[in-house]
Amino acid sequence: MAALVLFTMKKVKCSGMMLICLLFIFTKTEAQNNILVFQSDFGLKDGAVSAMKGVAMGVSADLKLFDITHEIPAYNIWEAAYRLVQTAPYWPSGTVFVSVCDPGVGTDRKSVVLLTKTGHYFVTPDNGTLTLIAEQLGIQEVREIDEVKNRRQNSNESYTFHGRDVYAFTGARLASKTITYDQVGAKLPHQVVSIAYQKPSFEKGMAKGTIPILDIQYGNVWTDIDKKVFNQLHLKIGDTIKVQVFNGKDKVYEGAVKYVNTFGEVPEGVDVGYFNSLLNFSLGINMGDFSEKYKVYSGNTWSIILSKK
Amino acid sequence: MAALVLFTMKKVKCSGMMLICLLFIFTKTEAQNNILVFQSDFGLKDGAVSAMKGVAMGVSADLKLFDITHEIPAYNIWEAAYRLVQTAPYWPSGTVFVSVCDPGVGTDRKSVVLLTKTGHYFVTPDNGTLTLIAEQLGIQEVREIDEVKNRRQNSNESYTFHGRDVYAFTGARLASKTITYDQVGAKLPHQVVSIAYQKPSFEKGMAKGTIPILDIQYGNVWTDIDKKVFNQLHLKIGDTIKVQVFNGKDKVYEGAVKYVNTFGEVPEGVDVGYFNSLLNFSLGINMGDFSEKYKVYSGNTWSIILSKK
Amino acid sequence: MAALVLFTMKKVKCSGMMLICLLFIFTKTEAQNNILVFQSDFGLKDGAVSAMKGVAMGVSADLKLFDITHEIPAYNIWEAAYRLVQTAPYWPSGTVFVSVCDPGVGTDRKSVVLLTKTGHYFVTPDNGTLTLIAEQLGIQEVREIDEVKNRRQNSNESYTFHGRDVYAFTGARLASKTITYDQVGAKLPHQVVSIAYQKPSFEKGMAKGTIPILDIQYGNVWTDIDKKVFNQLHLKIGDTIKVQVFNGKDKVYEGAVKYVNTFGEVPEGVDVGYFNSLLNFSLGINMGDFSEKYKVYSGNTWSIILSKK
């Protein structure tokens with residue numbers, strides 16, 4: 001329908017109406033697209049995820065349901081936040097995400113839907129899960145879920161599964177246009193609950209960052225040092241980088257790695273530094289496991305310093 | 001189409017035809033809806049689940065395929081039975097479920113399709129998997145799969161993968177209305193093979209139950225004590241409950257927990273009793289793992305007694 | 001549309017045009033069907049698989065997305081090859097598969113799309129992943145992905161995630177008919193990179209084979225001995241088979257198993273030999289774990305000899 005609107009707009013003389021034209025175009029990027037993507041810390045061994053999807057299909061059988069992951073470690077809000085930025089930007093504008101990592105279920109943390117400037121929707125407890133995505137995609141609007149209107153029928157006796165009774169239900173209604181974004185509930189200030197974290201910086205010839213997460217399947221170590229910070233080292237592909245990794249004040253690793261585009265540029269077993277698929281600096285071993293070999297892990301006590309050799 | 005039928009019915013004078021009207025309305029709840037939901041003990045590490053889904057898509061590309069879980073522990077029919085009641089009621093009427101936990105594949109256990117009073121279909125070996133769902137949703141009809149008509153072409157040389165060759169194939173044909181429910185095969189008596197289990201009871205001021213399953217991801221302990229039994233204790237939110245847990249005759253845990261609606265009502269690390277998302281009494285620790293801490297597990301040797309402190 | 005073409009063809013006098021008729025019929029089996037099936041060694045704990053699916057849905061929201069498995073052990077191309085033959089033949093002709101087990105990402109291994117004689121498409125690095133499927137389904141055509149045309153916009157700075165930027169993107173465009181098979185890129189010779197492996201054989205009264213993989217969920221041992229080789233032993237159901245298993249030159253297991261159609265033919269705990277769902281000879285224990293009990297595993301150092309008792 002958005003397409004139709006645009007088509008009609010083309011026929012209209014847009015001279016003085018340019019602003020309205022643009023408005024319509026912008027509206028287009030917000031239109032929900034029937035795609036609903038789930039993330040949680042429920043695991044896949046029981047039926048919790050399936051119960052959420054059943055509720056969604058009960059709202060509308062036209063929905064297309066997908067997943068980010070359900071293997072977020074229990075209660076790990078930071079990792080939930082990270083998985084959203086790792087994936088959401090690759091989904092089309094108009095996609096609705098439901099993220100349920102909710103250690104405070106039943107307490108007074110707010111249930112919200114964030115609409116980003118890119119037209120993605122995030123249905124979640126506002127407990128820090130939105131920290132990174134709000135920053136990266138920009139806050140267009142935040143609304144609090146009205147749990148009187150947007151709650152599964154006859155679910156009031158259950159206090160511990162808002163994922164099924166509130167978030168999946170509301171996400172499905174929004175994604176299927178059963179309700180408009182306005183009907184989610186009242187508008188909140190343009191902000192979300194954020195987890196404090198150290199940003200990467202460059203000082204005295206050193207790029208400094210943290211290790212927010214591991215590339216667990218392969219044992220690569222992903223830092224938060226982006227190209228803007230890294231480039232101040234003035235290194236080029238093939239150069240050697242001096243690396244120091246700390247856990248708190250303890251130096252866990254000190255070494256030199258080759259700066260490469262991809263692992264295949266070095267023999268098997270050789271340490272490398274490279275930019276990962278999110279364009280952040282990372283450490284790896286060709287066909288090996290950097291994390292396991294050097295006992296380097298992730299989390300808010302871990303930091304890294306890069307300098308020229 | 002069911003909707004259309006109902007619409008037409010409204011025009012008909014229903015005076016003497018009330019019974020037929022009701023019949024039509026009831027028929028509606030049985031109409032398959034193109035949704036096919038799989039459960040198995042196959043795991044996700046190999047291609048078995050995918051082979052089943054490929055067979056289903058070969059039957060009809062209009063089907064919408066979903067999963068409960070494929071991480072049922074190998075041969076654990078009881079857990080398969082439990083996952084069905086945990087999830088099926090949240091899926092729309094008309095959904096077809098295929099459950100393959102089939103230690104007796106190739107033996108003379110019957111292959112059946114259960115239609116419940118709620119209009120859900122369950123395609124499965126009749127080996128106890130239907131114990132709980134038949135009880136909770138009610139048996140409308142049971143049919144035995146006619147494996148001459150309802151078996152994948154050229155699959156007769158394979159004796160060990162009825163999940164792919166019979167159940168997924170039949171489930172897909174039923175869900176997509178390629179066959180009617182009658183065409184599944186001959187009608188059987190209104191009963192399914194049931195695993196014997198102890199039901200919760202109240203006697204001498206004590207609520208007695210079992211521990212059918214753990215909420216594994218979080219370490220919560222789920223009992224089968226429902227509100228009807230629990231309420232005879234006359235406890236209210238905030239009260240203290242005396243809890244005893246036994247494995248066989250051994251007392252594994254004795255303690256007192258606070259009766260709460262949700263974990264956030266107590267500080268981290270505190271033991272609680274609460275009603276889970278299936279409205280059964282459960283034990284947990286706010287941000288902790290009750291099962292691991294107290295070595296309380298699940299299965300048919302485990303029982304629990306609740307009383308007033 | 002293929003159906004329409006065929007319908008029209010029937011009206012045409014096919015006398016001299018028989019060849020063209022056949023050509024049209026053949027074309028039909030190649031028509032993509034909007035089904036896109038993913039396999040990788042990414043695991044499901046992070047967002048990599050979801051990022052690929054987001055890219056695909058951005059190409060066309062009409063696609064139906066499925067999975068084989070994402071639990072291929074990291075870099076294990078052989079297992080990736082095996083999972084394709086275990087599953088692809090059960091999916092309808094016209095299905096597009098994206099397989100990303102890509103230890104050489106960013107090196108000069110070719111990115112290809114194989115079209116088999118059965119009308120299935122395989123989008124993958126040509127690193128051995130196609131070894132078994134090319135042999136089993138036959139090579140109709142191989143094309144190299146033109147990464148100038150078939151690469152996600154603005155993805156050129158990322159060198160390490162071709163799964164997202166090239167394979168998922170190209171697979172989605174092909175499956176949705178956004179591009180034709182010809183538009184994938186230039187035609188290559190009718191061959192794929194193949195991993196060398198020993199084929200089963202029969203000599204001096206013995207059936208000899210290898211153990212390419214385990215049926216991990218249940219601990220069954222799957223060999224590559226098919227019925228053609230096995231039948232030269234002239235055994236019938238109920239007979240006893242002498243089995244020797246070697247790891248390199250070490251004999252790991254020697255015993256006798258009963259030849260059965262299915263596990264239920266023997267009591268619990270008894271060893272059996274049977275044909276698995278891919279019709280290859282396999283070893284198992286009714287309700288037990290053959291691999292764990294006898295320390296028999298899989299891989300290219302493992303071999304097996306069967307003979308008459």
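Considered as a group, the residues in the stretch C:116-132 that are in a loop (DSSP other than H, G, I, E, B) and not acidic (D, E) include one that is surrounded by the most Cβ atoms within 10 Å (Cβ to Cβ), and that residue is C:T129.
If the condition is being of a type in the set (S, T, Y) and crowded, with 19+ Cβ neighbours inside 10 Å, then the stretch B:94-110 contributes B:T95, B:S99. Looking only at residues in the stretch C:274-297 that are away from chain B (no Cβ under 12 Å) and in a loop (DSSP other than H, G, I, E, B), the one that is surrounded by the most Cβ atoms within 10 Å (Cβ to Cβ) is C:V296. Scanning the stretch A:85-102 for residues being of a type in the set (S, T, Y), within 8 Å of chain C (Cβ to nearest Cβ) and under 10 Å from A:G119 (Cβ atoms) gives a total of 1. Take the stretch C:88-103 and flag every residue that is more than 18 Å from C:T170 (Cβ to Cβ) and in contact (Cβ under 8 Å) with a residue 40 or more places away in the chain. Those that are more than 18 Å from C:T170 (Cβ to Cβ) and in contact (Cβ under 8 Å) with a residue 40 or more places away in the chain: C:P89, C:W91, C:P92, C:S93.
Could you list, in sequence order, all residues of the stretch A:161-220 that are of a type in the set (S, T, Y) and over 30 Å from B:Y90 (Cα atoms)?
Restricting attention to the stretch A:161-220, the residues satisfying the condition of being of a type in the set (S, T, Y) are A:167, A:170, A:176, A:178, A:180-181, A:194, A:197, A:201, A:210, A:218.
Within the stretch A:161-220, A:S194, A:Y197, A:S201, A:T210, A:Y218 qualify.
Would you be able to tell me the number of residues in the stretch C:258-272 that are away from every other protein chain (no Cβ under 12 Å) and buried (at least 22 other Cβ atoms within 10 Å of the Cβ)? Count: 0.
Please tell me if A:H120 is at pLDDT 95 or above, within 14 Å of chain B (Cβ to nearest Cβ) and in contact with a Leu (Cβ under 7 Å, 6 or more places away or on another chain).
Details: at pLDDT 95 or above: yes; within 14 Å of chain B (Cβ to nearest Cβ): no; in contact with a Leu (Cβ under 7 Å, 6 or more places away or on another chain): yes.
So A:H120 fails the test.
When each of A:S93, A:S158 is tested for being more than 25 Å from A:G299 (Cβ to Cβ) and at pLDDT below 95, the lone residue that passes is A:S158. A:Y297 falls short on exactly one of the conditions (1) modelled with pLDDT of 95 or more; (2) farther than 20 Å from A:D226 by Cα, and that condition is (2).
Please specify each residue of the stretch B:62-91 satisfying the condition of being out of contact with any strand residue (DSSP E or B) (no Cβ under 7 Å at 6 or more places or on another chain) and either assigned to a loop (DSSP other than H, G, I, E, B) or of a type in the set (S, T, Y) (or both). Residues satisfying the conditions are B:D62, B:E71, B:P73, B:A74, B:Y75, B:N76, B:T87, B:Y90. Considering (1) out of contact with any Leu (no Cβ under 7 Å at 6 or more places or on another chain); (2) within 11 Å of another protein chain (Cβ to nearest Cβ), the lone condition that A:Y82 does not fulfil carries the number (1). Applying the set (1) out of contact with any strand residue (DSSP E or B) (no Cβ under 6 Å at 6 or more places or on another chain); (2) surrounded by 15 or more Cβ atoms within 10 Å (Cβ to Cβ); (3) within 14 Å of chain B (Cβ to nearest Cβ) to A:R173 leaves exactly one unmet item: (3).
Within the stretch B:183-230, track down each residue that is within 14 Å of chain A (Cβ to nearest Cβ) and not hydrophobic (A, V, I, L, M, F, W, C). Before you say what the answer is, go through the steps one by one.
In the first step, residues of the stretch B:183-230 are kept if they are within 14 Å of chain A (Cβ to nearest Cβ); the result is B:212-222, B:226-228, B:230.
Hits for the stretch B:183-230 are B:P212, B:D215, B:Q217, B:Y218, B:G219, B:N220, B:D226, B:K227, B:K228.
For first residues located in the stretch A:104-117 and more than 8 Å from every other protein chain (Cβ to nearest Cβ) and without any contact (Cβ under 8 Å) to a residue 60 or more places away in the chain, partners that are surrounded by fewer than 21 Cβ atoms within 10 Å (Cβ to Cβ) and part of a loop (DSSP other than H, G, I, E, B) and lie 6+ apart or on another chain with Cβ distances below 6 Å form the pairs A:T116/A:G138; A:K117/A:G138.
Among the residues of this structure, B:D41 counts as one that is more than 19 Å from B:S155 (Cβ to Cβ) and among the charged types (D, E, K, R).
Of all residues in the stretch A:58-75, those that are out of contact with any helix residue (DSSP H, G or I) (no Cβ under 8 Å at 6 or more places or on another chain) and at pLDDT 95 or above total 3. Filtering the stretch A:247-265 to residues that are touching a strand residue (DSSP E or B) at 6+ places or on another chain (Cβ under 6 Å) and in a loop (DSSP other than H, G, I, E, B) leaves only A:V260.
Kindly indicate whether B:V113 is buried (at least 24 other Cβ atoms within 10 Å of the Cβ) and aliphatic (A, V, I, L, M). So B:V113 fits the description; yes.
Considering the stretch B:79-90 alone, what residues qualify as being buried (at least 21 other Cβ atoms within 10 Å of the Cβ) and in contact with a helix residue (DSSP H, G or I) (Cβ under 9 Å, 6 or more places away or on another chain)? Answer for the stretch B:79-90, where residues must be buried (at least 21 other Cβ atoms within 10 Å of the Cβ) and in contact with a helix residue (DSSP H, G or I) (Cβ under 9 Å, 6 or more places away or on another chain): B:A81, B:Y82, B:R83, B:L84, B:Q86, B:T87, B:A88, B:Y90.
Across the stretch B:59-76, the qualifying residues are those that are surrounded by fewer than 18 Cβ atoms within 10 Å (Cβ to Cβ) and not charged (D, E, K, R), and the one among them that is farthest from C:A31 (Cα to Cα) is B:N76.
The values are calculated or read from the model by the stated rules, or taken from the named source; none is laboratory data. Source: prediction; values computed, not measured. Neighbour counts run over all protein chains shown; Cβ positions are idealised from the backbone, glycine included.
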